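J.: One structure follows; several queries about it will come next.
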Amino acid sequence: MIEPQQLLLFVLAGWLLNLTPGPDVLYIATRALKNGLRAGLVAGLGIAAGCLVHVAAAAVGVGALLAASATAFTLLKWLGAAYLLWLGLRLVRSRGDAGLAALARDAAPVHNAVPLREVFLGGFWTNVLNPKVAIFFLAFVPQFIAPGMEHKALAFVLLGLLFVVNALPVNALWALAAAWLSRRLAFAERGMHWLDRLAGALFIGFGIRLALTDAPAH
C-alpha cells in the first residue's frame, strides 16, 4: 500500500512535469491556436492515450528493454526524431490556411474545421514516438513502489493510470490558455505565418535534441 504522503508527492510531481513545456505541450498549444479550443482538448486526449501505451509497455517490460538495449532505444529514438522533424518542416513550409496564419482571418468554422481524428492521432503519435517518455515512466514510477510490495506490476499500472488522469486537466489548461490567447491577439496575417514557422522550428529543435539523446547507461 502506498503511503498517502508518497501518493500526494507523486501527484504533485506529475503536475509539475506536465506543466513543463515540451513537444506535447507545443502540439496542444499549436492545435488550439490553429483550430480552436476543441481541437486543443482533443490533442490533449491523444497525448494522454499515448501515455497509456507507454504505461502498458513499461508494465510488461518494454521500458526495461529500451533501458537495457541500445539498439531498441536507438530505433525508437530515430523514429520519434523523424516524426518531430517531419511535423516541424510541415509547419515551417505551411502557407495560408495550412498554418497559424488562418487565425489572422475570420475565425469562421470553415477556417477552423479539421478532422478531430487527425488531431487525436497527431497527439497520440507525438507522445508514443518519444522514447524519453518510456524511459521517464521506467525511472519515475518505480520510485513510489516499495521494494517489498506485492503485485509490483499492478501497482505500476495503477500509478501510471493516475499520472495520465492527472495530466488531463493540465493538458486542458494548456489548450484553454492557447485558445484564449488566439482570441485576443490582433496579429497580422504575416505575423501569424511567422508563428507557424516558429512552432515548426521548435518542433525541429525537439527532433534534433531527441536524435542527439544518448541511450541510457547500462
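The values are calculated or read from the model by the stated rules, or taken from the named source; none is laboratory data. Just so it is clear, the structure is predicted and the values come from calculations on it, not from any experiment. Please note: Cβ atoms are built from the backbone with ideal geometry, for glycine as well, and neighbour counts cover all protein chains shown.
J.: Take the residues of region 125-165 that are part of a helix (DSSP H, G or I), touching a residue at least 60 places away in the same chain (Cβ under 8 Å) and polar (S, T, N, Q): which is farthest from residue 15 (Cα to Cα)?
T.: 126
J.: Looking at (1) under 18 Å from the mean Cα position of the chain (by Cα); (2) at pLDDT below 70; (3) not basic (Lys, Arg), which is the only condition residue 185 fails?
T.: Condition (1) is where residue 185 drops out.
J.: Listed residues 50, 99; which is surrounded by 14 or more Cβ atoms within 10 Å (Cβ to Cβ) and either out of contact with any Phe, Trp or Tyr (no Cβ under 7 Å at 6 or more places or on another chain) or modelled with pLDDT under 85 (or both)? Can you show your working first?
T.: Numbers: 50 fails: either out of contact with any Phe, Trp or Tyr (no Cβ under 7 Å at 6 or more places or on another chain) or modelled with pLDDT under 85 (or both).
Answer to the selection: 99.
Conditions tested, residue by residue: (1) surrounded by fewer than 16 Cβ atoms within 10 Å (Cβ to Cβ); (2) modelled with pLDDT of 90 or more; (3) under 17 Å from residue 162 (Cβ atoms).
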| position | (1), (2), (3) |
| --- | --- |
| 3 | yes, no, yes |
| 11 | yes, no, yes |
| 16 | yes, no, yes |
| 19 | yes, no, yes |
| 36 | no, no, no |
| 41 | no, yes, no |
| 46 | no, yes, no |
| 64 | yes, no, no |
| 67 | no, no, no |
